[in-house]
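Asks: Once you've had a glance at the structure underneath, I'll fire off some questions.
Since every read-out is calculated from the coordinates, none of them should be taken as a lab result. Note that the coordinates shown come from a computational prediction; the quantities given were computed from them, not determined experimentally. Glycine also receives a Cβ, built like all others from the backbone with ideal geometry; neighbour counts cover every protein chain displayed.
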Amino acid sequence: MLEGITFGQYIPGQSVIHRLDPRTKIFCALVFVAATLLARSWAAYALLTGLALFFICLSRVPWRLVGKTLKPFWPIIILTFLLQVFFTPGQAVFCTGVFQVTAEGIEAGGQLFWRLTVIVIVTSLLTLTTSPLDLTAAVEGLLAPLARAGLPARELAMMMTLAIRFLPTLLREAFVIMKAQQARGASFHSGWPWERLAKAVPLLVSLFAGALRRAEELAAAMEARCYRVGAARTRMRPLRLGRRDFLAIVVACSLLVVIVIFR
């Protein structure tokens, strides 16, 4: 169940997207998400889908890895699709008992299914092509103006990046614990839903214990490297915007304008 999940991992590379400034990638990803949410026409859907596939090609990230990032989100995507199909009022297409499938529900569910899939793909490309250190520096730089108002920008950036960084680690550890318990006779795929939930309690206890242990080790490692909250730090490679970054920002803004006008 947890095998092969790659969301949050970083894949080193020298592609065009890898070489972009991380602040540019975050900005462009947010603009693309906004354009995806605003799209209303088939032409806009086709354009954004084509661009998402084009970005995958530019990143040179294997397609199978991009596909695996969708794995943990499929239950949510499918559930939202079914909720739209069965509970959106409109012209009935098919009836079974208390449930009624409507044409409007199928259309709304299809749009939501497409939006969630594209958003997950684009945001996963952000983490697949950006190292945790660069992601931390980018978030900190984007939140720097708010730091003057008392917002702990550095701490928030560090917390967010650590959460993304350790998500694959925790998933791998959960997979190892699950396999170890299955080797001892445990079964997580049989019984009623509440029985499966009860069987997952030992797994969660072991996982939380491992997460706390890793948190203590990380805190000790950060203290050993003289990390202090609020201390001013320099970076070996300061972030600088180049020509390709300005070009990417212009293209992203132009895309959003086109979607707003012709959606």
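Asks: Compute for the range 70-122: radius of gyration divided by Kirkwood radius, i.e. Rg/Rh, restricted to C-alpha atoms, rounded to two decimals. Spell out each step's value before the answer.
Replies: On the way: Rg = 12.0 Å, Rh = 11.4 Å.
Taking Rg over the Kirkwood Rh, I get 1.05.
Asks: Could you give me the radius of gyration and the Dmax of the range 1-150, taking only the C-alpha atoms into account and expressing both in angstrom?
Replies: According to the Cα coordinates of the range 1-150, Rg and Dmax are 18.4, 59 Å.
Asks: Please compute the modelled spin-label separation between residue 198 and residue 218, points set 7 Å along Cα→Cβ, answer in nm with one decimal.
Replies: Rounded to a tenth, the inter-label distance reads 3.4 nm.
Asks: Among the lysines in the chain, how many pairs, 8 or more places apart or on different chains, have alpha carbons under 22 Å apart? Don't jump to the answer; show the numbers that get you there.
Replies: Values: 25/68; 68/179; 71/179; 179/199.
The result is 4.
Asks: Right, here's the next one. If we count every other residue with Cβ under 14 angstrom of residue 77's Cβ, Lys/Arg +1 and Asp/Glu -1, where does the sum land?
Replies: Working: positive: 71, 115; negative: none.
Result for the neighbourhood of residue 77: +2.
Asks: Separation of the range 76-90 and the range 126-184 by C-alpha centroid, Å?
Replies: Between the Cα centre of the range 76-90 and that of the range 126-184, the gap is 31 Å.
Asks: What residue among 165, 154, 64 shows peak mean-square fluctuation when the chain is described by a Gaussian network model with Cα springs under 10 Å?
Replies: 64
Asks: Oh, and also: From the square roots a ≥ b ≥ c of the eigenvalues of the alpha-carbon gyration tensor of the chain, which class results: rounded (a/c under 1.5), prolate (a/b over b/c), or oblate?
Replies: oblate
Asks: What's log10 of I(q)/I(0) for the range 97-155 at q = 0.12, 0.13, 0.24 Å⁻¹, Debye sum over Cα points only, no solvent?
Replies: For the range 97-155 at q = 0.12, 0.13, 0.24 Å⁻¹, log10 I(q)/I(0) is -0.56, -0.60, -0.94.
Asks: Let me ask another. Which shape class applies to the range 37-89: rounded if a/c is under 1.5, otherwise prolate when a/b exceeds b/c and oblate if not, where a ≥ b ≥ c are the square roots of the Cα gyration tensor eigenvalues?
Replies: On the way: a/c = 4.31, a/b = 1.37, b/c = 3.14.
Because a/c hits 1.5 or more and a/b fails to exceed b/c, the range 37-89 counts as oblate.
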